[in-house]
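**Q** Here you go, one structure.
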Amino acid sequence: MRNATVWAVRGAACVLTAAGLGHTLWNGIVEPGTALAFGVLITIGELARRDTRDRSGHLPADDRQPAPLGSAGALAYALLGQNAGNPTHHGVLQIVAVVVAAALAGSVPHIARGRGPALDHVARRVLTVAFAAACFQPLYNSGKLEDLVGQGPYLVLFLLCLLGLSALCDAVLAAALAGARTGWPYGPLLRDELRALLGIGSAICATGVVMALGVAVAGLWALPVFSVPLLLTQMSFGRISAIRTTYRQTITSLARATEIAGYTQPGHARRVAALSCAVGRELGLSERELTVVEYAALMHDIGQLSLVDPVPAGATAALPAAEARRIAELGGEVARQTGVPAEVAVVVERQADPYREQPVAARIVRVANAYDDLVGGTRHPSGSLAALEQLRLGTARDYQPEVVECLARVLRRDGISAVRPG
């Protein structure tokens, strides 16, 4: 079912691309100057695409629009009805062909560096642009749209509503593809995609409308004028993404301090973070809540650095309650001094409390930590089952039953290979 969803989306995009390129090559390009101008804009947007993939090759979860200028230019071309007061006549298939050709041209340098665009991003771009063009171009070219809304403010309102529907279409596709890749619940994924529309997504839609209307009045010279604000916004988002990446790398390095000092097993913090984020996603946490869970999971053992004698194998799950609470409180204090968000430090220091007194993030990290302590870093089926049974025995006080069962579902479904989706 998962692969069927991915292949259905990619297959539809391939069919549209083939139809668009074939139609354009056979019939030629209508109004080549306009097509070239928008093609150059989309190419520049792809050349300026943010490339913030991690070492595993995945895009960060909050980097849903790596090429906003290219996306805005493609949507503007799909909604273009006039050029300096003269009606345009390009159709839906030519729009798809120009967008795909320009996107491929702009991706060549990235592909040469081994950082080409993800296939799912390309498929979503094709389908979203085709949807917007199919809703606008036939109505406009037939004159029905002018009869319905005219050329005044109602046309602007219509374009905004159409772009809103296109953005919703893209969010639905993105959530479906992410769910197909990861098996995570569709509802939270769609909610996160819709929340992302309030940021760079709204800027893309607004810029697409302004570009289309500007070209209709002033001609193609409006394109560079209205591209500058979004390009500056894209640069700002790139810097923010770089800062977030550096911040996460700093926290990961701090988490490795316990491994380097011999207090915990190699890879323990990373495994606990992966398990915690997967369980949090299964429970329907938002992206911001998942970030808190991830950071807290990476730093949950930082309090062990205050111990004179290391805990055997770093397994704090078997410690007496008083000792575990002391380590957790010390860890929370260390976390506060590192400058992490206050809620991360709270999750770290509440690790040893009864689960009914813990925030949800702390319950998740505690279960994931205890599981990794019990299996000792291995993933043998018999050891995993025994660890889950032991966790279930502790659900009266230490571990929330719902979190334990979510962990069991995650392990049964596909195991853990990555902290966050790409």
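The values are calculated or read from the model by the stated rules, or taken from the named source; none is laboratory data. None of these values were measured; they are calculated from a predicted model. Don't worry about glycine lacking a Cβ; one is built from the backbone with ideal geometry, like all the others, and counts go over all protein chains shown. Note: accessible area is taken over every heavy atom of the protein model, side chains too, but ligands, DNA and RNA are not part of it. Shrake-Rupley method; radii C 1.70, N 1.55, O 1.52, S 1.80 Å.
Here is a yes/no grid of residues against (1) open to solvent by 30 Å² or more (accessible area, probe 1.4 Å); (2) at pLDDT below 90; (3) charged (D, E, K, R):
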{"residue": "Q358", "(1), (2), (3)": "no, yes, no"}
{"residue": "R363", "(1), (2), (3)": "yes, no, yes"}
{"residue": "A370", "(1), (2), (3)": "no, yes, no"}
{"residue": "L385", "(1), (2), (3)": "yes, yes, no"}
{"residue": "E389", "(1), (2), (3)": "yes, yes, yes"}
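**Q** So, of the residues in the range 92-107 that are open to solvent by 30 Å² or more (accessible area, probe 1.4 Å) and touching a helix residue (DSSP H, G or I) at 6+ places or on another chain (Cβ under 6 Å), which turns out to be nearest to T43 (Cα to Cα)? Reasoning before the result, please.
**A** Filtering the range 92-107 for residues open to solvent by 30 Å² or more (accessible area, probe 1.4 Å) gives 92-93, 101, 104-105.
Still in the list and also touching a helix residue (DSSP H, G or I) at 6+ places or on another chain (Cβ under 6 Å): 92-93, 105.
Details: V92: 19, L93: 18, A105: 6 Å.
Among residues in the range 92-107 that are open to solvent by 30 Å² or more (accessible area, probe 1.4 Å) and touching a helix residue (DSSP H, G or I) at 6+ places or on another chain (Cβ under 6 Å), the one nearest to T43 (Cα to Cα) is A105.
**Q** Moving on to the next point. For the range 333-355: of the residues being without any contact (Cβ under 8 Å) to a residue 12 or more places away in the chain and assigned to a helix (DSSP H, G or I), which is farthest from L283 (Cα to Cα)? Don't jump to the end; show me each part of the working.
**A** Let us first name the residues in the range 333-355 that are without any contact (Cβ under 8 Å) to a residue 12 or more places away in the chain, namely 336-337, 339, 342.
When the remaining residues are screened for being assigned to a helix (DSSP H, G or I), the result is 336-337, 342.
Details: R336: 27, Q337: 30, A342: 22 Å.
Filtering first and then ranking leaves Q337.
**Q** Just to be sure I understand, how many residues within the range 156-175 are of a type in the set (G, A, S) and open to solvent by 30 Å² or more (accessible area, probe 1.4 Å)?
**A** Our first condition is that a residue be of a type in the set (G, A, S); within the range 156-175, this holds for 164, 166-167, 171, 174-175.
Then keep just the ones that are open to solvent by 30 Å² or more (accessible area, probe 1.4 Å); that gives 164.
Number of matching residues: 1.
**Q** Now for a different question. From the residues in the range 56-77 that are among the hydroxyl-bearing types (S, T, Y) and open to solvent by 10 Å² or more (accessible area, probe 1.4 Å), which one is modelled with the highest pLDDT?
**A** Quick first cut of the range 56-77, residues among the hydroxyl-bearing types (S, T, Y) only: 56, 71, 77.
Add one more test, that the residue is open to solvent by 10 Å² or more (accessible area, probe 1.4 Å), and what stays is 56, 71.
Working: S56: 34, S71: 89.
Result: S71.
**Q** Here's a follow-up. Identify, by number, the condition in (1) within 29 Å of L198 (Cβ to Cβ); (2) part of a helix (DSSP H, G or I); (3) in contact (Cβ under 8 Å) with a residue 12 or more places away in the chain that A105 doesn't meet.
**A** Checking A105 against (1) within 29 Å of L198 (Cβ to Cβ); (2) part of a helix (DSSP H, G or I); (3) in contact (Cβ under 8 Å) with a residue 12 or more places away in the chain, the one that fails is (1).
**Q** Is there any pair linking a residue in the range 283-298 that is of a type in the set (D, E, K, R) and modelled with pLDDT under 90 to one that is in a helix (DSSP H, G or I) and buried (at least 19 other Cβ atoms within 10 Å of the Cβ), with Cβ under 7 Å and at least six apart or on different chains, and which?
**A** E287/D192; E289/G280; E289/A361
**Q** If only one of V122, V172 is part of a helix (DSSP H, G or I), closer than 30 Å to C277 by Cα and at pLDDT 90 or above, which one is it? Talk me through it step by step, then tell me what you get.
**A** Values: V122 fails: at pLDDT 90 or above.
Testing whether each residue is part of a helix (DSSP H, G or I), closer than 30 Å to C277 by Cα and at pLDDT 90 or above leaves just V172.
**Q** What's the number of the condition I416 fails, among (1) surrounded by 16 or more Cβ atoms within 10 Å (Cβ to Cβ); (2) modelled with pLDDT of 85 or more; (3) closer than 30 Å to D120 by Cβ?
**A** Here I416 clears every test but (2).
**Q** Still on this structure, please answer the following. Taking the range 207-230 only, how many residues are assigned to a helix (DSSP H, G or I), small (G, A, S), surrounded by fewer than 22 Cβ atoms within 10 Å (Cβ to Cβ) and touching a residue at least 12 places away in the same chain (Cβ under 8 Å)?
**A** We begin by selecting, within the range 207-230, every residue assigned to a helix (DSSP H, G or I); these are 207-218, 222-230.
Narrowing further to those that are small (G, A, S): 208, 212, 214, 216, 218, 222, 227.
Cutting the leftovers down to surrounded by fewer than 22 Cβ atoms within 10 Å (Cβ to Cβ) gives us 214, 216, 218, 222, 227.
Within this subset, residues satisfying the condition of being touching a residue at least 12 places away in the same chain (Cβ under 8 Å) are 214, 216, 218, 227.
Residues that pass the stated criteria total 4.
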